[in-house]
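See below for the structure under consideration.
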């Protein structure tokens, strides 16, 4: 049994994680290993784990109730949540290997948490609120349209203030043009976000967290829309291709996609920035910049790159690659050029506004 856990832990590069972090990403990690509703996929780590466990028990695999790891992880992958039996079986093995903290048990993430009353924003105006929609009722040249464009142009990071050249391939006289401003209305994703925000606020209510600088318009918008200061919720930018909008509209941003990606300097999470030129790097094919609510909680400033990270470090809720501080290549002269914030849980963000953008006029 230790061998099975060790196999999966090695694949995910886990050493010691806290219970709430494991619960946050437990389902998507099970899917990543090859456990799914369709069964255990051949050739995956799940299949290898089942083979190891089967040989250890003379051809059979123990059930969840008897501590079976393969059965427990398959239950997680198939059902989409962690059943009590699966939690206890996995926790027992992880406890023996010294991989699990929080006093050695996996707490039920749904128990003991306060009920959250979610107030849908007053500007949600979809005629079919149960169906996620991109609303496009902002007038071109109107107040919000103009402020969004000003924000992008005033939050660029390539105006000569960098100690090393900006790597966004933009010139100093580049001008952002916003062609359309949409609003994402997805009540289930918004409710999931608000529940997570409430949990972080409860955890951090006695702490004084360092505030994050936002563009003045975004700071006013944050106050108007009641972003939680206790949870350190802020507006940040995320660049993407226009072709991803349909999926984002339906499901929000998915950190599970980062598990399949190769090199990500600061781990398998979702990346955000306050600087428009950095966001543009990821949306420059068919440019879209998402304006997202992001729950940062307590932020860990990273010293070096950590491409295999799956969770924030213990006692933190998010991570930050800080401009001029974080080393992204293990060398003192290879410093981060832009501020980037990384979260490792889908519910920690809500993509609220979509800006269709070009530079120096239409593309």
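Of all the residues that make up segment 93-128, how many are at pLDDT below 70 and assigned to a loop (DSSP other than H, G, I, E, B)? Steps first, please.
Let us first name the residues in segment 93-128 that are at pLDDT below 70, namely 101-117.
Okay, now just the ones that are also assigned to a loop (DSSP other than H, G, I, E, B), so 101, 105-117.
Qualifying residue count for the region: 14.
Going by the structure shown, is residue 204 surrounded by 15 or more Cβ atoms within 10 Å (Cβ to Cβ), under 14 Å from the mean Cα position of the chain (by Cα), over 24 Å from residue 139 (Cα atoms) and outside the structural domain of residue 13 (by TED's automatic domain parsing)?
no
For segment 52-63, state whether one or more residues are closer than 23 Å to residue 260 by Cβ and touching a helix residue (DSSP H, G or I) at 6+ places or on another chain (Cβ under 9 Å). It would help to see each step written out before you state the result.
Filtering segment 52-63 for residues closer than 23 Å to residue 260 by Cβ gives none.
No.
If you take just the helices (runs of 4 or more DSSP H) that sit entirely in segment 1-81, which of them hold at least 3 residues that are farther than 15 Å from residue 99 by Cβ? Talk me through it step by step, then tell me what you get.
Working: elements: 2-12, 19-33, 45-56, 69-79.
Hits in segment 1-81: 19-33, 45-56, 69-79.
For residues that are crowded, with 21+ Cβ neighbours inside 10 Å and touching a residue at least 24 places away in the same chain (Cβ under 8 Å), tally how many sit in segment 41-52. Steps first, answer last, please.
At the first step, the residues of segment 41-52 found to be crowded, with 21+ Cβ neighbours inside 10 Å are 46, 49-50.
Subset that is touching a residue at least 24 places away in the same chain (Cβ under 8 Å): 46, 49.
Within segment 41-52, residues that are crowded, with 21+ Cβ neighbours inside 10 Å and touching a residue at least 24 places away in the same chain (Cβ under 8 Å) number 2.
If residue 209 passes every condition in (1) part of a helix (DSSP H, G or I); (2) more than 21 Å from residue 23 (Cα to Cα) but one, which one does it miss?
The failed condition is (1).
Kindly evaluate residue 42 against the criterion of being at pLDDT 85 or above, more than 27 Å from the chain's Cα centre (by Cα) and in the same structural domain as residue 9 (by TED's automatic domain parsing).
Criteria met by residue 42.
For segment 53-72, how many residues meet the condition of being more than 20 Å from residue 10 (Cα to Cα) and surrounded by 16 or more Cβ atoms within 10 Å (Cβ to Cβ)?
Of the residues in that region, 4 qualify.
May I ask you to say which residue of 335, 237, 290 is surrounded by fewer than 23 Cβ atoms within 10 Å (Cβ to Cβ) and over 25 Å from residue 203 (Cβ atoms)? Working first, answer last.
Working: 237 fails: surrounded by fewer than 23 Cβ atoms within 10 Å (Cβ to Cβ); 290 fails: surrounded by fewer than 23 Cβ atoms within 10 Å (Cβ to Cβ).
Every option except 335 fails the conditions.
Which condition number in (1) more than 19 Å from the chain's Cα centre (by Cα); (2) surrounded by 18 or more Cβ atoms within 10 Å (Cβ to Cβ) is the one that residue 279 fails?
Unmet condition: (1).
I'd like to check something: does segment 257-266 contain any residue that is more than 23 Å from residue 23 (Cβ to Cβ) and at pLDDT 90 or above?
Checked segment 257-266: no residue is more than 23 Å from residue 23 (Cβ to Cβ) and at pLDDT 90 or above.
The values are calculated or read from the model by the stated rules, or taken from the named source; none is laboratory data. Only a predicted model underlies this, so the values are computations on that prediction, with no experimental measurement involved. Note that each Cβ is placed from the backbone with ideal geometry, even for glycine, and that neighbours are counted across all protein chains shown.
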